[in-house]
Amino acid sequence: MRVLSGIQPSGAVHLGNYLGALRQWAQQQSNNSYYCVVDLHALTLPISPADLQRHTLELSATLFAVGLDPNVATVFVQSQVPHHTRLSWILECVASYGELSRMTQFKEKADRQDGFSAGLFTYPVLMAADILLYDAQRVPVGDDQRQHLELARNLAERFNNRYGETFVVPEGFFPPVAARVMDLQEPTRKMSKSVSSPLGAMGIFDSEADIRKKIMKAMTDTDGEVRFDWDAKPGLANLLEIFSAFSGETPDTVASRYERYGDLKKDLADLVVAHLAPITQRRDDLLADKGELNRLLSIGAARAEVIAEATYRRAASAVGVN
Ligand code: AMP
Ligand code: TRP
């Protein structure tokens, strides 16, 4: 099964990215898996060139550090394969203005900015190009990407109807637990790099002291009963889901072991620290040898390009361009 996913190098990787995306990529990798650091997507919001370059390299190191094996999966940087933007243009001419205007993530991001680029608006089409270029059958992503994935499916079907069978219609794959890790301070909104407060988002490379502090200070409620209930107790439910994602038990089983929030939080902090420390170490080792890291990425890009080129050729000739 051909699998593809992407992640933006737009800032520190948080627990939501890790549990909702990266960890599953590593668990499910095969030599038919393609994982892309989507640096072109990060240009949709203001970012300095130096930050973009640094984040791209750090995130690439992170993908290897969480367990993606360059001898198994293909890990590459989006801008190193020129066909993404080329196919994106063709797909922009298949997408409608109306359907892009309905993208909720666009509306949210646009509302938060004084002005916004046309790229922020067309971004879901570039994402569709990322997916369709690789004939991806399965696209593992967090819950927040459902609408974008549906757009990719619609564009593939519309293109195939209009120009003849060209693209594989991809399926989304959403993680069973921790598909939506919530903000630790405002548990009714998702943890996010751009919106969450410093205490609300936990970076996977946060110091041990910060990890402990953020968990101990996580917002819960005052009734004091340990029970898994998203509606009545969202803060606690979020902690139980995170616990469950790391320990492999169900959230109810975890809840049944505790009488007090403080004990649960302390054990959760130990669990998270023990799990994340070796990942931080591996990432630091990789970043200490940038030559080797860049070598791995250029191998990934070369492998990706072979596939991207073939699909692009099919699409370009279907519409009548080169
Ligand atoms: P982004 O940081 O928006 O580029 O997201 C990278 C990946 O992490 C995507 O697959 C997202 O769906 C996933 N993701 C982002 N935030 C969360 C969250 N709070 N919970 C679960 N998954 C998330
Ligand atoms: N839009 C996705 C996000 O913000 C990132 C992304 C870009 C992606 N291209 C992709 C995800 C292709 C899956 C497949 O999270």
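Derivation of every value follows stated rules applied to the coordinates shown; laboratory data play no part. Keep in mind that this is a model prediction, so the values were computed, not measured. Reconstructed Cβ throughout: ideal geometry from the backbone, glycine too, with neighbour counts over all protein chains shown.
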Identify, among Leu240, Leu271, Ala209, the residue whose Cα sits farthest towards the positive end of the charge dipole of region 196-281, taking +1 on the Cβ of Lys and Arg and -1 on the Cβ of Asp and Glu, with the dipole about the Cα centre.
Ala209
So, relative contact order of the chain in percent, Cα under 8 Å, 6 or more apart, is 22
GNM, the chain, Cα, under 10 Å: largest mean-square fluctuation among Ala232, Ala245, Ala95?
Ala232
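Hey, fewest Cβ within 10 Å first, where do Glu225, Glu99 land in order?
Values: Glu225 12, Glu99 16.
Going from least to most buried by this count: Glu225, Glu99.
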Could you go through region 197-213 in sequence order and give the Karplus-derived ³J(HN,Hα) for each residue, using 6.51 cos²θ - 1.76 cosθ + 1.60 with θ = phi - 60°, rounded to whole Hz, and x for Gly and Pro?
6, x, 7, x, 10, 10, x, 6, 10, 4, 5, 4, 4, 5, 4, 4, 4
If you build a Gaussian network model of the chain, linking Cα atoms that sit under 10 Å apart, which residue out of Ala302, Ala209, Ala129 swings the most?
Ala209
Extension gain Val169-Glu259, at 0.36 nm per residue separation less the Cα-Cα distance, in nm?
27.6 nm
Exposure proxy check: Asp289, Asp267, Asp231 ranked by fewest other beta carbons within 10 Å?
Asp231, Asp289, Asp267
Of Ala118, Ala274, Ala301, which has the largest mean-square fluctuation in a 10 Å C-alpha GNM of the chain?
Ala118
Report, in degrees rounded to the nearest 10, the 0 to 90 angle that the Cα long axis of helix 118-132 makes with the longest principal axis of the chain.
80
What do you get for the angle between helix 83-92 and the principal long axis of the chain? Use alpha-carbon atoms, 0 to 90 degrees, nearest ten.
80
Once phi for every residue in region 312-322 is put through the Karplus expression 6.51 cos²θ - 1.76 cosθ + 1.60 (θ = phi - 60°), the whole-Hz ³J(HN,Hα) values, with Gly and Pro written as x, are 4, 4, 4, 5, 5, 6, 4, 8, x, 10, 9
Expressed in angstrom and rounded, the centroid-to-centroid distance over alpha carbons for region 67-82 and region 173-234 is 30
What are the residues whose amide H is under 5 Å from the amide H of Val169, where those residues sit 5 or more places off or on another chain and H is modelled from the backbone?
none
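Within 10 Å of each residue's Cβ, count the other Cβ atoms and sort Phe116, Phe243 from fewest upward. Provide the component values of the computation, followed by the final result.
Numbers: Phe116 16, Phe243 26.
Ranked by crowding around the Cβ, least crowded first: Phe116, Phe243.
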When DSSP beta bridges are limited to those with both residues in the chain, what percentage is antiparallel, rounded to the nearest 5?
15
Would you kindly state how much longer the chain becomes between Lys193 and Asp229 on full extension, computed as 0.36 nm times their sequence separation minus their alpha carbon distance, in nm to one decimal?
10.4 nm
Can you tell me the relative contact order of region 137-183? Whole percent, Cα pairs under 8 Å, sequence separation 6 or more.
54
Just grab the label-to-label distance for Asn32 and Asp114, each label 7 Å out from Cα along the Cβ direction, in nm (one decimal).
5.0
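Restricting to Cα pairs below 8 Å that are 6+ residues apart, what does the relative contact order work out to for region 1-108? Please round to a whole percent. Mind showing how you got there, number by number?
Values: 104 pairs, mean separation 33.9, N = 108.
Taking the mean separation of contacting Cα pairs over the length of region 1-108, I get 31 percent.
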5 Å is the cut-off here: which amide hydrogens, built 1.01 Å from N in the peptide plane, fall below it relative to Ala201, excluding neighbours closer than 5 in sequence?
Leu184
